[in-house]
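Everything below concerns the one structure shown next.
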Amino acid sequence: MNGRTSGRVAIVGGGITGLAAAHHIGELARAAGSAPPGVVVFEATPRAGGIVSTARAGNLVLEEGPDSFITDKPEALALVRRLGLEASVRGTRPEFRRSFVVRHGLPVPTPDGFYLIAPTRLGPVFASPLFSPLGKLRIALEPFVPKRAPKGEDDDESLASFVTRRLGRETLERIAQAMVGGIYGAAPEELSLGATFPRFLALEREHGSVIRGLRRTRRGAEAMLGAGASGAGVSGPRYGLFATLEGGLQSLTDALAAALPAETVRLGTRIEALAPAPDRGWDVVTAAGAERFDAVILALPAAPASTLAAGFDAGLAAALGAFSSGSSVTLSLAYDARTIAHPMDGAGLVVPRGESAALSDLIGVSFTHRKFEHRAPEGTALLRLFFGDSALALDDEALARLGHAALARLLGAGALPSARHVARWPGGMPRY
């Protein structure tokens, strides 16, 4: 496609990526005064939106996939504004921007000012029961650890290596692994530092120390925490930068789909093969036959994208096939808040590997009714539990029993939940 000549574009995958791509193609055409191309979004499932999915049960708003987006990465918020949804943006509740880490079977507050893997202040670390005296000393020595010399333009290391090298193994095992596992559903040994938390890599290179860098930079100490310069009362993930939409995050993908021309999205249509056309463009093959397009966008997870690429580019298929992914299972349970002993005065908790076996491989719990407004009626505690691959084999009843038992132990849940909802995403967590 060039100039004012319209063409045809096939987008394979009707999740947030595919829908946003289709919408942006239309925006670019309008901005250029060009005839809009004929865009077709092929989605194999009966609904558009992919893992962005919001369910409702009475007055409960139940996120089945992600529950928020990060506002310091401007693209998502810019898209929300262009779709006219800005008035429905809601941030996390300021009074609950703190987290807990399970230690010896009980939730312990994350030290104030501790951002994911490193502290901005040492006083709360020294006062915390999460670390041993030697562990606290090792954290305090982080500014004196020599920075690692870069090993080339593509230099990288695992997140586990970075945390252990700079802050010690106790920091990795007792807090960092749990925080990272709660976000990515993967072991820090399997995650690239550059792909997941490049800011920490930059802090070491620019300041010689993560703690020193967090203290010296307003971006590190304030923007990351979404709080005042001291970061007082804030801990764990940077909750101040999380935002959602009032009706649930699916409002975003619904708005994207609604903004596209009629019949753009073909639901229940699986692509069986892609092949470069002999003269120009691409042949896109479905059960109904082949169609010719000028361009193709693959908006799929790495594994199915690799399968399609194998038909025309072995190298691309191999590169995509090298990515691994884990599964996610979430269980939302609603309780009468009066029957839970813990005050739930935070946004949620995470469970380190050493504690998870006793809690049925639980990864974390989001206190949904605390994190965002209007997720549950007043007096109802809505808790969202996160499990990994092992939970895929459990039916809803068994998972609900295990989840309630874990909450009874962790939070003192004294009565059975009044509602439950399960969402399963096999292979839905890419490991970067």
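The values are calculated or read from the model by the stated rules, or taken from the named source; none is laboratory data. Keep in mind the model is a prediction, meaning the values are calculated, not measured. So basically every Cβ, Gly included, is an ideal-geometry build from the backbone, and we count neighbours across all protein chains shown. Keep in mind that these areas ignore ligands, DNA and RNA; they rest on the heavy atoms of the full protein, side chains included. Shrake-Rupley method; radii C 1.70, N 1.55, O 1.52, S 1.80 Å.
Things worth noting here:
- Filter result for Ala262 (without any contact (Cβ under 8 Å) to a residue 24 or more places away in the chain, farther than 22 Å from Glu64 by Cβ and either part of a loop (DSSP other than H, G, I, E, B) or open to solvent by less than 40 Å² (accessible area, probe 1.4 Å) (or both)): yes
- Scanning region 71-83 for residues that are assigned to a helix (DSSP H, G or I), open to solvent by 40 Å² or more (accessible area, probe 1.4 Å) and modelled with pLDDT under 95 turns up Pro74, Glu75.
- Residues that are surrounded by 22 or more Cβ atoms within 10 Å (Cβ to Cβ) and of a type in the set (Val, Ile, Thr) within region 84-116 comprise Thr92, Val101, Val102, Thr110, listed in sequence order.
- A count restricted to region 371-402 and to residues that are assigned to a strand (DSSP E or B) and open to solvent by less than 10 Å² (accessible area, probe 1.4 Å) stands at 5.
- For region 132-148, the count of residues that are open to solvent by 10 Å² or more (accessible area, probe 1.4 Å) and touching a strand residue (DSSP E or B) at 6+ places or on another chain (Cβ under 9 Å) is zero.
- Unmet criterion (only one of (1) in contact with an Asp or Glu (Cβ under 8 Å, 6 or more places away or on another chain); (2) within 27 Å of Leu130 (Cβ to Cβ); (3) open to solvent by less than 40 Å² (accessible area, probe 1.4 Å)) for Leu274: (2)
- Across region 354-365, the qualifying residues are those that are out of contact with any helix residue (DSSP H, G or I) (no Cβ under 6 Å at 6 or more places or on another chain) and more than 28 Å from Glu246 (Cα to Cα), and the one among them that is surrounded by the most Cβ atoms within 10 Å (Cβ to Cβ) is Ser356.
- The set of residues in region 45-70 being β-branched (Val, Ile, Thr) and either more than 27 Å from Leu172 (Cα to Cα) or open to solvent by less than 20 Å² (accessible area, probe 1.4 Å) (or both) consists of Thr45, Ile51, Val52, Thr54, Val61.
- Scanning region 280-312 for residues that are over 21 Å from Pro426 (Cβ atoms), of a type outside the set (A, V, I, L, M) and within 30 Å of the chain's Cα centre (by Cα) yields a count of 0.
- Looking across region 175-193, the residues that are over 15 Å from the mean Cα position of the chain (by Cα) and open to solvent by 30 Å² or more (accessible area, probe 1.4 Å) come down to Glu189, Glu190.
- Given (1) in contact with a Ser or Thr (Cβ under 9 Å, 6 or more places away or on another chain); (2) surrounded by 21 or more Cβ atoms within 10 Å (Cβ to Cβ); (3) assigned to a helix (DSSP H, G or I), index of the condition Leu316 fails: (2)
- For Ala357, the conditions (1) out of contact with any Gly (no Cβ under 8 Å at 6 or more places or on another chain); (2) modelled with pLDDT of 95 or more; (3) not in a loop (DSSP other than H, G, I, E, B) all hold with the exception of (2).
- In region 23-30, the count of residues that are free of Cβ contacts under 8 Å to residues at least 40 places away in the same chain and within 16 Å of Glu263 (Cβ to Cβ) is one or more.
Conditions (1) outside any helix (DSSP H, G or I); (2) at pLDDT 70 or above; (3) closer than 24 Å to Val80 by Cα; (4) open to solvent by 10 Å² or more (accessible area, probe 1.4 Å), marked per residue:
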residue	(1), (2), (3), (4)
Arg212	no, yes, no, yes
Arg215	no, yes, no, yes
Leu225	yes, no, yes, no
Pro237	yes, no, yes, yes
Thr244	yes, yes, yes, no
Gly247	yes, yes, yes, yes
Ala258	no, yes, yes, yes
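- Residue within region 157-179 that is at pLDDT below 90 and either β-branched (Val, Ile, Thr) or touching a helix residue (DSSP H, G or I) at 6+ places or on another chain (Cβ under 9 Å) (or both) present: no
- Matching entry among Thr330, Thr368, Thr307 (being open to solvent by 10 Å² or more (accessible area, probe 1.4 Å) and in contact (Cβ under 8 Å) with a residue 24 or more places away in the chain): Thr368
- Filter pass, Val39 being over 27 Å from Leu267 (Cβ atoms), assigned to a strand (DSSP E or B), touching a strand residue (DSSP E or B) at 6+ places or on another chain (Cβ under 8 Å) and modelled with pLDDT of 95 or more: no
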